[in-house]
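The values are calculated or read from the model by the stated rules, or taken from the named source; none is laboratory data. Since the model is a prediction, treat every value here as computed from it, not as a measurement. We place every Cβ from the backbone using ideal geometry, glycine too, and count neighbours over all the protein chains shown.
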Amino acid sequence: MDGPPISARRVRALVKKEFHQIARDPSSILIAVIIPLLLLFIFGYGLSLDSHDLRLGVVLESSDTEARDFGAALTGSDYFVVDTGHDIREFSDRLRDGHLRGIVVIPEDFAVRLTDPGKGPAIQIISDGSEPQLAAFVENYVKGAFRVWLRQRQIESGRVMPPALQIEQRFRYNPSLRSRNFLIPGSIAVIMTVVGALLTALVVAREWERGTMEALLASPVTRAELVIGKFIPYFFLGLGSFTVCLLLAILVFRVPLVGSLPALYAVTCLFLLTALGLGLTISAATKDQFVAAQIALNAAFLPAFILSGFVFEIKSMPMWIQVITFFIPARYFVDSLKTLFLAGDVWSILLPDMLLLSLTTIIFLALTARNMARRLD
């Protein structure tokens, strides 16, 4: 496979052969269309960092107007579904069983504690610590709601004047603070990693298992021509898969796309080459479809999900783990997609990511060509 230079005629023949193979083998369509749809719906609807409709128990030990007024303030929240009672024993078992995320106790001497801070806290917050993130949310929200209610009460009573200066908060890039707006772009990166690796992880191994590789070895096809012939059909199939994910993200999940389509597809093309190169490298090295698929899933999905910054913040990881993430191509694709969807064409971020994706593509292509030697062993 190392003879004459690259022949466009032989490459066209190989590409045509591969397209015929894709048409005859429904597994490629399954990987390129059905799997991305399923994964995106699972990630889109099943994965969320937004806290809402959390069940909260409010214990009104006091029947004073102040206690009932603060209980009503909690009941009107969009984040909680509030159950009201008069004894903490009504809620203790439900908190233990996971049916409640927290309990707010408004004590019998609530009104007295409001006017005399020396008697201790005016309310008690008990949250379910088995899920620390939700426990912290319950505690912080109830504390914030209590401070706002207390301030409003002081203003209404005339003891405190309304502030002359109002502070207005604005959040750039994701004003609604919807976790879906940054989880969906990250999900697309993970999906394309899996799809790209799986699409090509089987192709060379399939040639060996079906005995057609011997015919290719006996032909004048070079290693470069074979790699290109395998790449082109699955590259366009991968682009089609990405387009399906993009349309779902915009039209179904309502994720805004601030950046331009040319920049988005430029980054995607580079990443697809990397993912396809990973799959081809695995396929050329194993020569067995089942083994190649297992290796591809583990080498693509787990690093992309855990070490790309998709869900877990990289800077919060130990330093030696952070060093490993620099060798994960999905890290740069996740970074680029989040930038393009939420901030726009920020080239100071996109260009370094594209450069590193190009380097990984070259490495995988070189490894693939090296493993496609002219021998049958």
For region 37-53, state whether one or more residues are more than 33 Å from the chain's Cα centre (by Cα), of a type outside the set (Lys, Arg) and not in a helix (DSSP H, G or I). no
Pairs needed: first member in region 351-363, surrounded by 13 or more Cβ atoms within 10 Å (Cβ to Cβ); second member anywhere, small (Gly, Ala, Ser); C-beta distance under 8 Å; at least 6 residues apart or different chains. Asp353/Ser336; Met354/Ala266; Met354/Ser336; Thr360/Gly277; Thr361/Gly277; Ile363/Gly277
In region 314-345, what residues are of a type in the set (Asp, Glu) and free of Cβ contacts under 8 Å to residues at least 60 places away in the same chain? Asp335
Going residue by residue through region 99-118, is there one that turns out to be modelled with pLDDT under 75, among the small types (Gly, Ala, Ser) and not assigned by TED's automatic domain parsing to the domain that holds Leu340? yes
Asn298 vs (1) at pLDDT 85 or above; (2) on the phi > 0 side of the Ramachandran plot: all pass except (2)
Given the criterion of a type in the set (A, V, I, L, M) and free of Cβ contacts under 8 Å to residues at least 40 places away in the same chain, identify the matching residue among Ala32, Ala72. Ala72
